[in-house]
Amino acid sequence: MSPERVIFALLLVMLLLPFTAAGHVPLIGGGNEDISSALHISNPAKSWAVYAVLENETVHYFSFDVREGERIYMGLLKSTDPADEGFLPDLLLIGPGIGVQSSSSAQQPEGNTSLEGAVLLENSAIPKNIILPESLKDLGALAADGREGIATYEPFGPSSFIGLAEINLSAPQSGRYYAAIYENTRNGSNEGASLRAAEADEKGGHYCLVVGYREEFSFTDRMIAPIQIASVYIWEGQSVIMIFIPYLVALIAGGLIYWRGSRRSLFSLTGTLAGFLFLGTSSLVITQMIYSLSRAPYGPEVYITMAIILFHALLGVASIRLARGEAGILQRSLLAVIGTIALLGGSGVILGPMLAVSASFLPTIKRSVPGDLLQKAS
């Protein structure tokens with residue numbers, strides 16, 4: 001298949017599979033163990049996923065501003081790491097007007113209400129490890145107990161998670177709302193609380209707080225997505241070596257292919273390395289798919305992941321073919337287009353797209369690049 005047809009296929013895949021817009025913008029939490037230092041979500045309608053580790057007997061706080069009638073959505077997940085077995089954090093929403101009109105339809109958006117398992121709390125019933133200043137003690141509170149769910153496969157990362165709790169309602173009043181993530185050992189005496197052994201130990205673990213419902217990605221979000229996804233894999237308990245070894249192998253293979261090739265130029269070198277970095281992303285997605293499916297059940301979502309694998313592989317094949325051929329104006333333009341598509345599609349961990357775009361401007365005459373220097377030395 002010619003590079004031109006490959007690029008056409010890539011554009012078609014991007015139109016049919018808008019995977020960069022189907023998910024949450026990942027954030028790494030930390031440093032929000034006090035409500036005065038709560039992690040502020042500037043746009044709570046946009047879909048965010050905050051990944052963090054809850055230490056034993058600590059509470060994590062978040063804040064966001066909404067207007068009356070706007071939708072508030074929060075979901076609490078945890079990793080499928082066996083080390084988090086038995087870890088059941090709870091979700092608490094604190095804000096103005098909560099409970100004042102709890103039975104009013106104005107507080108519940110039509111078709112979007114999800115309050116199963118959530119109960120209103122009096123101030124006296126708020127867990128003692130959640131410390132509120134006097135200025136916030138008049139606010140209402142809505143608690144959603146963490147309940148063990150079924151492991152779910154996420155095809156766009158890919159990754160896996162276990163759903164625990166969810167709150168979805170309209171803001172009863174305008175103002176600042178707070179969310180708290182905590183572990184709470186209960187004996188079942190509180191109304192609506194899930195039964196849990198009183199002697200159970202708080203152990204801490206890895207959780208994810210999803211805030212917002214509108215899936216949208218800015219250009220910056222798309223650029224840094226590969227780095228953020230790597231952070232999510234580390235949050236899942238994977239080693240850095242497991243995550244980045246596909247790229248290391250790809251760079252070594254790219255260097256060997258270039259060295260054995262007949263065309264030795266900066267254009268050929270950078271284009272070839274870019275292509276192998278795209279193939280490295282394809283290999284990474286394959287390994288993550290296998291890893292995630294070892295923790296979550298198989299489903300039709302796997303075919304979405306396979307299409308993403310093909311997308312990155314096509315980017316790599318097209319780049320390598322262009323880099324090893326003649327470098328005319330058309331070929332250079334196509335390589336620049338591939339680099340742009342790769343940047344928007346999260347392929348090649350930023351370096352790959354930069355190399356592909358740079359290659360379209362680099363000279364094709366023979367230079368003293370690494371392959372030549374090594375050959376001369378021998």
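Worth a mention:
- Sorting the segments 48-61, 68-81, 314-327 by their mean number of nearby beta carbons within 10 angstrom, highest to lowest, gives 314-327, 68-81, 48-61.
- Projected label distance in nm at residue 138 and residue 351, using a 7 Å step from Cα toward the beta-carbon: 5.7
- Packing-based order for 138-147, 228-237, 351-360, 267-276, using average beta carbon neighbours within 10 Å, highest first: 267-276, 351-360, 138-147, 228-237
- Estimated inter-spin distance, residue 219 and residue 58, nm [label 7 Å along Cα→Cβ]: 3.7
- Positive end of the dipole of region 205-348 (Cβ unit charges, origin at the Cα centre): among 220, 251, 234, the Cα lying farthest that way belongs to 251.
- Spatial separation of Cα centroids for region 25-89 and region 337-366, in angstrom: 36
- Net charge of neighbours whose Cβ lies under 12 Å from the Cβ of residue 25, counting Lys and Arg as +1 and Asp and Glu as -1: 0
- Estimated at 0.36 nm per residue, the fully extended path between residue 248 and residue 147 surpasses their Cα-Cα distance by 32.3 nm.
Any read-out appearing in this document is the output of simple, stated calculations on the displayed coordinates, not a laboratory observation. Every value quoted in this text rests on a predicted model; they were computed, and no experiment measured them. Every residue, glycine as well, gets a Cβ built from its backbone with ideal geometry; the counts of neighbours run over all protein chains shown.
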